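Scroll down for the structure; my scribbles are underneath it.
Readers should treat all values here as calculations from the given coordinates under stated rules, not as data from a laboratory. Given the structure is predicted, the values throughout are model-derived calculations rather than measurements. Here the Cβ positions follow ideal geometry from the backbone for every residue, glycine too, while neighbour counts run over all protein chains shown.
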Amino acid sequence: MPPSVFPTGVTIYEPGKAFNCYVLFDGREQKSYLIDMNGNDVHVWNYRGFPAEMIDPALNQGRHGHVFAQKEPDIFANETLLELDWEGTIVWQWGEKAPGGKAQQNHDQCRLPNGSTLVLAKLTHIVPDLSPDPLNDQAIYEVIPQGDIAWKWISSQHFDELGFSSAEAKALLMSSTMRPRSTLLVINNIQPLGPNKWHKAGDHRFHPDNILIDSREASFMAIIEKRTGKIVWRLGPDYSGAYDFSKRSQKRTFPRGVDMISGQHDAHMIPEGLPGAGNILVFDNHGSSGFPPFYLELFQGSRVLEIDPITEEIVWQYDAGSSGKPLWAFFSSFISSARRLPNGNTLICEGMHGRIFQVTSNGEIVWEYVSPHFGMWSDRDTDSGGNLTNWIFRAQPVPYDWVPKGTPRSEKGVKPSLTDFHIG
């Protein structure tokens with residue numbers, strides 16, 4: 001738990017070691033922020049995203065400065081998905097042509113090379129094998145620019161492929177009904193693989209159009225074959241160390257097997273041209289998950305894992321120990337993200353503390369930012385109207401050439417001393 005009063009903004013910055021870029025993230029007061037390396041708000045959109053996500057100009061007819069955002073306040077069942085330009089003008093939106101006239105978008109969306117948009121959405125319907133009553137499922141839609149759905153995938157239709165028995169599927173239902181806003185699997189990520197070395201070598205499981213997903217509740221990652229909708233690759237939900245501490249590895253040598261992943265977020269294949277390309281990068285929250293729930297360590301700490309999808313081995317890992325700190329010094333039981341940078345650093349969002357930072361491959365922290373953008377959060381505390389928080393769902397690195405020419409930025413080093421920095 002952070003102290004009651006703590007510094008915000010950029011607290012560490014070594015320009016010669018960091019990868020210099022902008023960073024885009026969602027704020028808690030219905031806004032999305034683009035900051036520079038000194039934490040200055042370079043640009044603000046007056047809509048929040050879940051996530052706020054940069055749209056690659058290569059997938060958007062060369063248009064720079066466009067982002068995805070949400071129109072309605074319910075982040076878990078957003079009624080209208082927005083595309084905003086640099087000025088904040090709504091240039092595309094989707095919701096009216098969605099099932100029931102509402103997008104119900106949550107957790108992710110992305111623009112595809114063909115100009116369509118992939119949307120992750122809540123779908124409330126009857127799943128006969130689980131319940132005669134409507135329940136909260138999730139669907140993935142491919143939406144063409146005109147708003148029609150060209151392709152869809154529904155999670156409850158693939159339980160067996162995802163490794164769940166009938167009894168485990170019932171446990172999923174129980175979990176989703178006990179948590180009012182929850183869906184069956186809580187899929188929090190949908191990312192097309194994109195061009196990669198595995199497919200070029202002839203492994204068709206990794207076709208660029210195939211979609212990598214992960215489940216926060218069930219702790220699996222899987223690849224959907226876009227052509228058929230079938231699951232063609234999966235890691236989890238069964239792990240050797242999920243219920244047996246003796247099977248968990250304490251080694252910090254690589255490669256080594258994946259003994260457990262729990263409540264993870266932001267699984268994606270590292271794109272071509274970046275160090276580690278073709279491997280899967282995932283934020284392993286070490287949050288409660290699994291059916292039955294996984295056994296968690298006494299000293300909980302999150303990890304970022306880089307996994308070879310062929311050998312299913314960890315080839316790189318970041319945890320607080322990598323930076324010479326106790327394991328609990330880096331921990332977010334929910335939300336969060338990790339992205340590889342061109343110089344080999346990794347941008348990490350420790351979501352529940354509103355902290356974004358860069359680490360080198362050997363774990364040195366070379367840039368750190370704590371969000372000063374607080375808002376009310378009433379997920380559970382409805383009586384008082386909520387409590388102030390600066391949590392961030394996801395952070396995305398943004399190249400300098402994505403913004404209009406002449407946009408200001410600052411790159412002044414910041415290096416305070418942990419033991420000397422104090423107030424009063």
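Amide H contacts of GLU161 (H built 1.01 Å from N, in plane; Pro and chain starts excluded): no residue 5 or more places away or on another chain comes under 5 Å. For the pairs LYS17/LYS71; LYS97/LYS226; LYS31/LYS415; LYS197/LYS412; LYS97/LYS200; LYS200/LYS412, flag any whose C-alpha to C-alpha distance is greater than 32 Å. Pairs exceeding the cut-off: LYS17/LYS71; LYS197/LYS412; LYS97/LYS200; LYS200/LYS412. Summing charges over all other residues whose Cβ lies under 15 Å from the Cβ of ALA58, with Lys and Arg as +1 and Asp and Glu as -1, gives -2.
Distances between placed amide hydrogens fall under 5 Å for TRP151 paired with GLU142, all partners being 5 or more residues away or on another chain. Mean silhouette area of the range 63-183, derived from the convex hull of its C-alpha atoms and averaged over all directions, reads 8.4 nm². Within the set of other residues whose C-beta is less than 11 Å from the C-beta of ASN114, count the net charge using Lys and Arg as +1 and Asp and Glu as -1. Around ASN114, the charge tally is -1.
The alpha carbon centroids of the range 130-172 and the range 53-74 are separated by 26 Å.
Taking packing as the residue-averaged number of other Cβ atoms within 10 angstrom, the listed peptides 72-79, 125-132 run from highest to lowest as 72-79, 125-132. For the range 225-241, backbone phi angles converted through the Karplus equation (6.51, -1.76, 1.60; θ = phi - 60°) give residue-by-residue couplings of 6, 4, 5, 10, x, 7, 7, 10, 8, 7, 10, x, x, 9, 10, 4, x Hz, Gly and Pro being listed as x.
Entry note: the chain has Rg to Rh equal to 0.94, where both radii use alpha-carbon atoms and Rh is the Kirkwood radius. Applying the Karplus relation 6.51 cos²θ - 1.76 cosθ + 1.60 with θ = phi - 60° to the range 338-352 yields 3J(HN,Hα) values of 8, 9, 6, 10, x, 8, x, 5, 10, 8, 10, 10, 8, x, 6 Hz, where x marks Gly and Pro.
Could you list log10 I(q)/I(0) for the range 1-147 at q = 0.10 Å⁻¹, which the Debye formula gives when each Cα is one point scatterer? Results for the range 1-147 at q = 0.10 Å⁻¹ read -0.44. All distinct Cα pairs of the range 243-286 go into the 1/r average, and the inverse of that average, the Kirkwood radius, is 12.3 Å.
Under Stokes-Einstein, with the Kirkwood radius over Cα pairs as Rh, the value for the range 186-391 at 4 °C and 1.567 mPa s is 73 µm²/s. A cut-off of 5 Å between modelled amide H atoms, ignoring neighbours fewer than 5 places along the same chain, links TRP233 with ILE223.
Here the peptides 268-277, 102-111 are ranked by packing, the mean other Cβ count within 10 Å, and the order with the highest first is 102-111, 268-277. A straight Cα-to-Cα reach below 16 Å connects LYS230 with the lysines LYS152, residues fewer than 8 places away in its own chain not being considered.
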